[in-house]
Structure formats: C-alpha cells, structure tokens
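**Student:** Take this structure first; my questions come after.
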Amino acid sequence: RERKKMVGGRLEAAVQGRRAGAGARAVQGQRARVSSCSSRCCSSVGPRGGLLSLQQRGRRGAAAVALRAKDSEKDGGDESHTVEMAGSVSAPPGAGKRGAEWFNSFLKRFKPVQDKSDNVTALQFEKPLFELDKRIIEVKKVAEENGVDVSSQVAELEARASQLRHETYSRLTAMQRLQVARHPNRPTFLDIVLNITDKWVELHGDRAGYDDPSLVCGVGSIDGTTFMFIGQQKGRNTKENIHRNFGMPTPNGYRKALRFMRHADKFGIPIVTFVDTPGAYAGKKAEELGQGEAIALNLREMFGLRVPILSVVIGEGGSGGALAIGCANKMLIMEHAVYYVASPEACAAILWKSREKAGEATEALRITSKDLTELGIMDEVIPEPLGAAHSDPAGAFAMLKQALMHSWDDFKDLSEDEIRLQRYAKFRKLGEYIENKDEAVPIRAGTVGPGDSPSIDEDWTEVPDQPEGLQQGYRDLLLAAEKVAQMEEKSKNNGAGAAAFGATSRSNGTSHKQVNTNV
C-alpha cells in the first residue's frame, strides 16, 4: 500500500507536466505498474490474510509478469521509462554509485565546512565586531546601488575592523576562550579531516554490537602518507547533536577506537587523534556497559603501540573522555581550544557550591593553550586565523595541516622502541612539582632529569603490554644494570668471581634495590 501511494503521487505529478496525449499513455502505463506492484506485494498473502502455498505464489508471480509484458506492448515497447521510474522509487539513496561518484554524493550530503558560514552565532564579546562588519556590507551595497565610489571609506572601515578584532582576541579571558572552544560554528572533526586529506574512508563498529556515532574512525592520506584518524564528533545543530550524543562517547565508542588503533599498529599506520569532547558519557547505561574499564583499557594499550601517535585538541578536551584517545607522542592544541580535568561549571559547583563561580574556576584550572604549554602538558600551539577558526575555516585547516605534517617528520624515522620510550617518558614527567623554586630545574616532558633515578621505588611493576625495560622504569633500570655489570666485571678481574661478588654485596648489606637508588 505504501508503494502504491508513492507511485500514485509520482503519477499525478507526471500527468500535470505532460501534454494530453503523452499524459494519457503515461497514466495507462503507471496504473498497470501500480497493479503489478500490488500483486507482487500481496503475492504471499491469501484473500483472508493466510499464507499462500508455493504453487499459488508462483501462479500469481507469472500472472504479474504477463500483465507487465502486456502493458509494455500497449506502451509501444518503451521499457526505458519503466526502468527509470522503478529505479527512482525503489532504489535507496546512492544505489548504483561506486568509487568517486559515491564519495562525491557523501560529501554533498554531509557538506563539510570550507568557508565562513553566512549564519554565524555571535558571542557576547563579538557583537561589536559583527556590527562593524554589518555596517561595511551596508555601505558597499548602497554604493553599488547608487554608483558611488566609497572605496576609501570602506578600506578605512575594514582596517578599523581588523584592528578591533586583533585587540579583542589578543586579550580574551579564560572564560571567553572556553566560549570560543564551544562555539557552535567551530569546525568539527569531520570538517577538518575531509578538508585536509586527499582520500578518506570511514570505518565503523566495535565488533561487539554497536557503532557509536560520537566517535568517528577512518583511514585517510595526506600528501601520500596514510594515517589512521580517530576523533570525537559533535553536531552543528540540535538534531545532529542528539545523534552524536553531543560529542560524548560511550564505552562502545572507545572500544571502536581501540579496535582501529590496534589495526593501525598491526599494519604500521601512524595514528592521529582529534580531541573535541566535554567528557565521556556519564549516563547510567554507559556505567553499566563499563565506561571506566573502556577508558582504562585504552590508556594501557596506547602506551604499548609501536606506531607514532599525534593528538590534536581542536575544541574542548574534557577529563578522561579526552585522555582515552590522547596518550600521544606529541600533543598539539589549537590556539583557542581548552583542555581540563573537569569542566569549570562542575569545578565551581564542587569547590564553591555555586555554578556562578565558573569564571573563577576557569582561571584557577589553567585550561588555555598558553597555560598548558607552560606546564608542559601540551607540546605545541597551532595558531588560528584572526577571529578564531569559526571565522576563517579554510585558513585554520591550512595551519593545522602544516603543523600536523611538521610533527610527523619528527617521528617518522624513529624505531618502535624509541617511539614507545618517548611516549612513556613524556607522560612520566607530567605533574612534577618542586616547592623550592630556587632549586627547581625546568624539565620539559619527555626528557630525563636529575630527579628521575630515585623514582625506581615508585615505578610500576609487571605492567602488561609494556615494552621490555619499561616495567620498572626504563632509564633507571638501564643505569642500574650498567652499574651492576661494571661491578661484576671488576670483581671477575680481581679473581673473586661471581660468588665473591655476591658475598661482598651481602656482607655490605647492599641489595639490588639499594644499587638502583644510589645510581
């Protein structure tokens, strides 16, 4: 019946747009096809709703074929129109398309952002800039209508607007930067990846029953280099945000990400992750499905991957939801993006018992790109065009692509052990704090400092899926092993042998652990 209604609607449209003679023939052919459609749809159902036997269904099918052949003869044997109409009614969107044709149709449906949107939401501090831009457009329009040359006045207004925009964005507060990071017109992960890649194929599913749309994975190439892209995807409007769960992945999303990270590790494909989430989804269902376990598993497994991992914070990076795909060899952050352990609103509610203190919490958390690089959490800031990424998406894409490929050059020639050791050392340095500033030595994340040796007592032991040598502090273990080897060699040269060395060590009360501490 639904099929009959659809074809009937097309029939009426065809009748109105044709001449009387051609319209009559089209009506006759379409009515016959509607009858054959009905006979096919009901061929397995009897007059009282019961199922027909195979013989009865065969007879009805043969009758339907004969009726269609008879209609074709009446229409003059013109089958092309029939095929065209049938394809337009029954075929799904994109059916029959392959390769580049299908990819182009996908791009038309998604429509990734390339230039500034005509309907940009203005933040409170951006309203004077929007008013000035609006005035410039009005002056140009009036000048064109009246044929007046106002190029000098327009140039003066544009220079003033550029200066005002520069002054505004150079003194943004932490709370204002947070608003920019959450801007509804800010480019999303798919906007970025579809604009910086030469080829892109999205991959789906966690092989456990669900494909989380809030976390997108796929393989793409940039300038001939293949990468595995993984990123959190937000929507541009309410409908898309509901579908994407507002960029908050579920446990299935993180398991999907881990599946494709392991896939990339197996085939030697470098990984690039894009962080843009307020945090992992904290609903009851997510907790029942093991949200904490999924995040913890990602953290553990990412330190054992043998391929370089680059991570870019493009919007807001919230807590464990961001860290679950952010354990990378190099952390990059866009100029107006933020990265925090808890949202300022949640922090204010916990510490000040009021969400109105969110501004103070934002300053205290030090979530801006400048603060994060000073603390050594982020390695590089990717600059954005004047007015942020939402005002000039194309410029932002070019800057991000350049920074990404430059960072890739730093890791493409490293061995697997060097890649894992660098990633491990980077995160071991995070959070170090020395109270006496006079004695403090600034140490960048990922480097060895003078305070590393005593940390052997606090290192992990028997951590699964870690490179050999990292289980008890790779650097300290190497130093300790070298010292022990030297002592053994010296003891052998003196003719004491290994037994004498062991006896000397016991008599002096020296244990392997003490040797490590001394080193």
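**Student:** What ranking do 143-154, 357-368 get when scored by the average of other Cβ atoms within 10 Å per residue, highest first?
**Tutor:** Packing order, densest peptide first, comes out as 357-368, 143-154.
**Student:** Separate question: Want the number for R10 to F267: 0.36 nm per residue separation, take away the alpha-carbon distance, what's left?
**Tutor:** 87.4 nm is the gain from fully extending R10 to F267.
**Student:** Starting from the amide H of G317, placed 1.01 Å from N in the peptide plane, find each other amide H under 5 Å away whose residue is 5 or more places distant or on another chain.
**Tutor:** Result for G317 returns T277, V338, Y339, Y340.
**Student:** Additional query: Once the Cα gyration tensor of segment 138-212 is diagonalised, what are the square roots of 5 times its eigenvalues, in whole Å and ordered largest first, as equivalent ellipsoid semi-axes? Walk me through the numbers on the way to the answer.
**Tutor:** Values: eigenvalues 367, 90, 24 Å².
Equivalent-ellipsoid dimensions as semi-axes: 43, 21, 11 Å.
**Student:** Quick check: pseudo-label points 7 Å beyond the Cα along Cα→Cβ at A208 and T373, how many nm apart are they?
**Tutor:** 3.8
**Student:** Could the peptides 186-198, 166-178 be put in order, highest first, of the mean number of other beta-carbon atoms found within 10 Å of their residues?
**Tutor:** 186-198, 166-178
**Student:** Still on this model: Hey, which of these cross-link pairs are over 27 Å Cα-Cα: K266/K330; K256/K401; K134/K199; K239/K285; K285/K401?
**Tutor:** K134/K199; K285/K401
**Student:** Using each residue's phi in segment 179-188, evaluate 6.51 cos²θ - 1.76 cosθ + 1.60 at θ = phi - 60° and report the 3J(HN,Hα) Karplus result to the nearest Hz, with x for Gly and Pro.
**Tutor:** 3J(HN,Hα) across segment 179-188, in whole Hz: 5, 5, 4, 9, 4, x, 9, 5, x, 8.
**Student:** Apply 1/(1 + (r/R0)^6) to the Cβ-Cβ distance of D198 and F246, taking R0 = 22 Å, and write down the FRET efficiency to the nearest 0.05.
**Tutor:** Using R0 = 22 Å, I get an efficiency of 0.10.
**Student:** Something else now. Ordered by packing density, taken as the mean number of other Cβ atoms within 10 Å over each peptide's residues, highest first, how do 133-139, 418-424 rank? Spell out each step's value before the answer.
**Tutor:** Values: 133-139: 13.3, 418-424: 19.3.
Peptide ranking by packing, descending: 418-424, 133-139.
We did not get these values from a lab; they are worked out from the coordinates using the rules stated. All figures in this text were calculated on a predicted structure; none of them were measured in a lab. With ideal geometry, Cβ positions are generated from the backbone for all residues, glycine too; neighbour counts draw on all protein chains shown.
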